[in-house]
Structures are given as C-alpha cells and as structure tokens.
1. Can you find even one residue in region 83-90 that is over 15 Å from Val70 (Cα atoms), crowded, with 19+ Cβ neighbours inside 10 Å and touching a helix residue (DSSP H, G or I) at 6+ places or on another chain (Cβ under 9 Å)?
2. How many residues are more than 15 Å from Asp149 (Cα to Cα) and either under 15 Å from the mean Cα position of the chain (by Cα) or among the polar types (S, T, N, Q) (or both) if we restrict to region 62-103?
3. Taking Val60 and the conditions (1) assigned to a helix (DSSP H, G or I); (2) surrounded by 17 or more Cβ atoms within 10 Å (Cβ to Cβ), which numbered condition does it fall short on, given that it satisfies the others?
4. Being surrounded by 12 or more Cβ atoms within 10 Å (Cβ to Cβ) and at pLDDT 95 or above is the requirement here; does Ile72 meet it?
5. Filter region 19-57 down to the residues that are surrounded by fewer than 18 Cβ atoms within 10 Å (Cβ to Cβ), of a type in the set (A, V, I, L, M, F, W, C) and in a strand (DSSP E or B) and list them by number.
Amino acid sequence: MRALLVSLAIGCTAATPPPPPVAPKPPPAPSEPTGLPAGYVEMKPERVIELGQQAALLLVDEPDNLVLPVFIGGTEGSSIAGRLEHVKPPRPLTHDLLDHVLQKLHATLVQVQVDELRRDQTDEGGVYIGSIFLRVGDQVIRLDSRPSDAIALAIGNRVPIYVARKVLDEAGLKWDEIRKQLQKPMSGPEG
C-alpha cells in the first residue's frame, strides 16, 4: 500500500508542470539629463503683451540683451500673465489643472525648454517646439510641449526656462530696443 501511495505522489508531482519562469525586470529607461544644456541660455519671462486676439510673451536674456517674443493665443496669454502676477483664478485653468495632476501623480516639473523654431511655406512666423522635463520617482522624462504651456508651467512651479541658442540667433531681438518701444505711449487713431 505504501508503494502505491509513493508512486501516486510521484506521479502527481511529475504531472504538475513547473511554474513558468519569472521574466527578468526590464532595466529602467535612461533618465534625461537636467540643468542648463550645452547650446542653451536661461531666460526669464518678462511680461505678456496683449495684441488683440493674440498675445506675445517676452522671454528675456539680460546678459546678452536679447528678447524672444513667443506669440500665443489670448487665453494662454491671460493664464501666463496671471501666473507672472501671482493672481489665482477663481477656478483652475488648464495650467493649474496640469499642476494638480502632476502633484497627485507625485511628478515634479524640473525644467522647460524652447528647442527649435520650425518654419515652412505656409507659416510665415514659424512654430516653436518645446519640452518639459518631469521627475517621476528617480527618473527624469522629457515630453513634447507647446512652449507657451511649458513656460506657464515653469512660471507656476518656479523652474528654469532654457532656450536653444540657435532659436535666439534666428528669432531673438535686442531687448533695449524693444524696451524703448514698450515705454512709448500707445497712440490712438487720429480723427
């Protein structure tokens, strides 16, 4: 009887398939570098200028006397102007919502960048291409972003704004000249 039980036990054990092998955990994706990248300049948001249905955000590099105008929609302009002036809206705007989502997901904005100015035949002024850098756990990830959104987030989170030198060389203007124009009184229609 004992031999029968042993052979049943061995038979049952042999019929049970071994557990599947545990797949090795993939290595973490490489983290993006942070800090001032080579070929970039740190810029400060100076102000938003309303231009009818649009606005222009002025990013300034004081040491090099350069300003980069970033033309944006009126809604984005209002949001950025409010953030620059530390005005809290009565209800969360899109940038406030994204700040809240990042907070709930335990992600931290590290820096933002304006990486490129793309021009084509249909767009006379071109389109700026930007990035945001988020720290999630011990990784930093880079996400494509409109520069206006990236800059709004940077202002609200007090993180650096870096602009590629090639963008400044192509679209930057002399800050002292723009400042003089901004100080002139606006002339209304004569009539």
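The values are calculated or read from the model by the stated rules, or taken from the named source; none is laboratory data. Predicted, not measured: the structure shown is a model, and the values here were computed from it. Backbone-built Cβ (ideal geometry, glycine too); neighbour counts: all protein chains shown.
1. yes
2. 2
3. (1)
4. Values: surrounded by 12 or more Cβ atoms within 10 Å (Cβ to Cβ): yes; at pLDDT 95 or above: no.
Against the criterion (surrounded by 12 or more Cβ atoms within 10 Å (Cβ to Cβ) and at pLDDT 95 or above), Ile72 does not qualify.
5. Passing the criteria: Ile49, Leu51, Ala56.
Rundown of residues vs (1) farther than 22 Å from Pro160 by Cβ; (2) of a type in the set (D, E, K, R); (3) touching a residue at least 24 places away in the same chain (Cβ under 8 Å), yes/no style:
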| site | (1), (2), (3) |
| --- | --- |
| Ile49 | yes, no, yes |
| Pro63 | no, no, no |
| Leu66 | no, no, yes |
| Pro90 | yes, no, no |
| Asp99 | no, yes, yes |
| Gln103 | no, no, no |
| Val110 | no, no, yes |
| Asp115 | no, yes, yes |
| Asp120 | yes, yes, no |
